[in-house]
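For reference, the structure discussed in these notes is given below.
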Amino acid sequence: MPDFFGTLSELSANKTVCGPERLVFCFPETFVRGSRGGFLCGFGRFLPVFRPGRALPERKKGRGGKEAGGEEREMKKILKIALLQLTPCGSLRENLEKGRTACEEAKKLGAEIALFPEMWSNGYRIGGETREWNGDAVAADDAFVETFGRLAGELNMAIAITFLEKTKRGPRNALTLFDRRGERRMVYAKVHTCDFGAERALIPGEDFYVAELDTSCGKVKVGAMICFDREFPESARILMLKGAELILVPNACPMEINRLAQLRARAYENMLAIATCNYPDTVPDCNGNSSVFDGVAYLPGQAGSRDTCLLQADGREGIYLAGIDLEQLRRYRNTEVHGNAYRHPKKYGLLTEEKIESPFLRKDYRA
């Protein structure tokens, strides 16, 4: 973990606005022993700059302090996730190089997992015809994807790389999760494709998966859903039932109050953490606001509920780091009432009914 304390006053005085080529690396106050609050940010090879504001809103700034209780934390208990809220370039090769640099910088900040926004291989450049999608698609074993596998092994950091996947049936909106040894742990394709738009040209995924990652915090069970998947409570519910403690969510759309509320609810009702990485506001129809919710609503000895939002980025391009207290999350899951603790599955038969009636009939729906 880099030590920025020596330049804190310099950083605070520098209000420079970041150019589009610069990457911002942020981490909340609870990550660094003895921090004096707020965010400390730096630019790997660029000039350091302090950027207060929406990356950690004032109303949330005190939450981390209260949660920490003023006590020092052992760093090994905090699972650090880097959200690579990046502006894509104009080609596959440029996206590969920019993505590689972002992963290297995320590792310097101590990240255990790096997450890209949706379909990073082409920057979610969507076309209206299948042939346009096919032109951008790459196979799951393509050099683009495999490069991030090798990089994960070199950096000793898990990487969730997203891409438009070429398959025999057609292109898919996919994510491959490599563990810190560079081993492929999961290939997931978006189940809920946006069939009301250009994504109708894509082949939907068939299932949801959970993989076990070996980290410095121990083994962690990780699932994935992509963008529109989060709008269906069944997605996160199935992942919880399969054992997920953390769900990774690549995204490419405006993360406004209602979508952020969805993520908060999914984390709360399933008692798990959800990390979402979106494109910054430099990308059309996107606004940044990448986020992490840890799902822990109540703490022993604390009256009322706590804010489960660990981090909400602003709209600007950057690498945002959030830390999940896994021991706290696991204690909570072992004692609280949500998740699979008090469900009545025998009474939910209607949830698997395939019949659709008005007012939900849509001509472009496909099973």
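The values are calculated or read from the model by the stated rules, or taken from the named source; none is laboratory data. Not measured: the values here are computed from a predicted model. Using ideal geometry, Cβ is built from the backbone for each residue, glycine included, and neighbour counts are taken over all protein chains shown.
Could you grab me the full set of residues in the range 138-182 that are part of a helix (DSSP H, G or I), surrounded by 15 or more Cβ atoms within 10 Å (Cβ to Cβ) and among the acidic types (Asp, Glu)? Can you show your working first?
First, pick out the residues of the range 138-182 that are part of a helix (DSSP H, G or I): 143-155.
Filter again for surrounded by 15 or more Cβ atoms within 10 Å (Cβ to Cβ), leaving 144-149, 151-153, 155.
Residue satisfying the conditions is 146 alone.
Of all residues being touching a Pro at 6+ places or on another chain (Cβ under 9 Å) and closer than 17 Å to residue 250 by Cβ in the range 183-224, which is surrounded by the most Cβ atoms within 10 Å (Cβ to Cβ)? Just the residue, please. Let's see the steps before the verdict.
Start the filter on the range 183-224 by keeping residues that are touching a Pro at 6+ places or on another chain (Cβ under 9 Å), which leaves 189-193, 195, 201-203, 224.
Subsequent filtering for residues that are closer than 17 Å to residue 250 by Cβ retains 189-193, 202, 224.
Numbers: 189: 22, 190: 26, 191: 19, 192: 19, 193: 23, 202: 24, 224: 30.
Step by step, filter the range 183-224, then rank; the result is 224.
Residue 236 fails exactly one of the following numbered conditions: (1) part of a loop (DSSP other than H, G, I, E, B); (2) over 20 Å from residue 150 (Cβ atoms). What is the number of that condition?
Result: residue 236 passes all but (1).
Filter the range 287-299 down to residues that are part of a loop (DSSP other than H, G, I, E, B) and of a type in the set (Gly, Ala, Ser) and give me whichever is surrounded by the fewest Cβ atoms within 10 Å (Cβ to Cβ).
Going residue by residue through the range 287-299, those that are part of a loop (DSSP other than H, G, I, E, B) are 287-290, 294-299.
From what's left, of a type in the set (Gly, Ala, Ser): 288, 290, 295, 297.
Values: 288: 27, 290: 29, 295: 27, 297: 17.
Going through the qualifying residues, I end up with 297.
Within the range 194-233, how many residues turn out to be in a loop (DSSP other than H, G, I, E, B), within 20 Å of residue 364 (Cα to Cα) and touching a Phe, Trp or Tyr at 6+ places or on another chain (Cβ under 7 Å)?
The number of residues fulfilling the criteria is 4.
Name, by its number, the condition in (1) in contact with a helix residue (DSSP H, G or I) (Cβ under 7 Å, 6 or more places away or on another chain); (2) closer than 19 Å to residue 310 by Cα that does not hold for residue 231.
(2)
Filter the range 300-310 for residues that are crowded, with 17+ Cβ neighbours inside 10 Å and either without any contact (Cβ under 8 Å) to a residue 24 or more places away in the chain or touching a Phe, Trp or Tyr at 6+ places or on another chain (Cβ under 6 Å) (or both); which is nearest to residue 85 (Cα to Cα)?
Out of the qualifying residues, it is 309.
Does residue 131 count as modelled with pLDDT under 95 and assigned to a loop (DSSP other than H, G, I, E, B)? Spell out the reasoning first.
Working: modelled with pLDDT under 95: yes; assigned to a loop (DSSP other than H, G, I, E, B): no.
When the stated conditions are applied, residue 131 does not pass them.
Within the range 225-236, track down each residue that is acidic (Asp, Glu) and buried (at least 16 other Cβ atoms within 10 Å of the Cβ). Spell out the reasoning first.
So the first thing to find is which residues in the range 225-236 are acidic (Asp, Glu), and the list is 229, 231, 234.
Selection gives 229 alone.
Residues to consider are 336, 327, 317; find the one that is in contact (Cβ under 8 Å) with a residue 60 or more places away in the chain, surrounded by 11 or more Cβ atoms within 10 Å (Cβ to Cβ) and touching a Pro at 6+ places or on another chain (Cβ under 6 Å). Outline the logic, then answer.
On the way: 336 fails: touching a Pro at 6+ places or on another chain (Cβ under 6 Å); 327 fails: touching a Pro at 6+ places or on another chain (Cβ under 6 Å).
On inspection, the qualifying residue turns out to be 317.
Quick check, is residue 265 within 29 Å of residue 114 (Cα to Cα) and either assigned to a strand (DSSP E or B) or in contact with a Ser or Thr (Cβ under 6 Å, 6 or more places away or on another chain) (or both)? Spell out how you get there, then give the answer.
Working: within 29 Å of residue 114 (Cα to Cα): yes; either assigned to a strand (DSSP E or B) or in contact with a Ser or Thr (Cβ under 6 Å, 6 or more places away or on another chain) (or both): no.
For residue 265, the condition - within 29 Å of residue 114 (Cα to Cα) and either assigned to a strand (DSSP E or B) or in contact with a Ser or Thr (Cβ under 6 Å, 6 or more places away or on another chain) (or both) - is not met.
I'd like to know if the range 307-326 contains one or more residues that are at positive phi, part of a loop (DSSP other than H, G, I, E, B), touching a Lys or Arg at 6+ places or on another chain (Cβ under 8 Å) and at pLDDT 95 or above.
Taking every residue of the range 307-326 in turn, none turns out to be at positive phi, part of a loop (DSSP other than H, G, I, E, B), touching a Lys or Arg at 6+ places or on another chain (Cβ under 8 Å) and at pLDDT 95 or above.
Please list, ordered by first then second residue, the pairs with beta carbon atoms under 8 Å, 6 or more apart or interchain, first in the range 164-184 and in contact (Cβ under 8 Å) with a residue 60 or more places away in the chain, second basic (Lys, Arg).
Here the result reads 177/184; 177/185, each pair linking the range 164-184 to a residue that is basic (Lys, Arg).
Enumerate the pairs (first residue in the range 206-221 and in contact (Cβ under 8 Å) with a residue 60 or more places away in the chain; second residue anywhere and in a loop (DSSP other than H, G, I, E, B)) with beta-carbon separation below 8 Å, excluding pairs fewer than 6 apart on the same chain, so at least 6 apart or on different chains.
Between residues of the range 206-221 that are in contact (Cβ under 8 Å) with a residue 60 or more places away in the chain and residues that are in a loop (DSSP other than H, G, I, E, B), the close pairs are 213/179; 213/180; 215/112; 215/180; 216/112; 217/112; 220/245.
Taking the residues in the range 223-261 that are without any contact (Cβ under 8 Å) to a residue 60 or more places away in the chain and of a type in the set (S, T, N, Q) as candidates, determine which candidate is nearest to residue 274 (Cα to Cα).
235
For residues that are touching a Cys at 6+ places or on another chain (Cβ under 8 Å) and buried (at least 17 other Cβ atoms within 10 Å of the Cβ), scanning just the range 256-286, find the one that is farthest from residue 233 (Cα to Cα).
For the range 256-286, the residue satisfying everything is 280.
Is it the case, given these coordinates, that residue 104 is touching a residue at least 40 places away in the same chain (Cβ under 8 Å), of a type outside the set (A, V, I, L, M, F, W, C) and surrounded by fewer than 18 Cβ atoms within 10 Å (Cβ to Cβ)?
Yes, satisfied.
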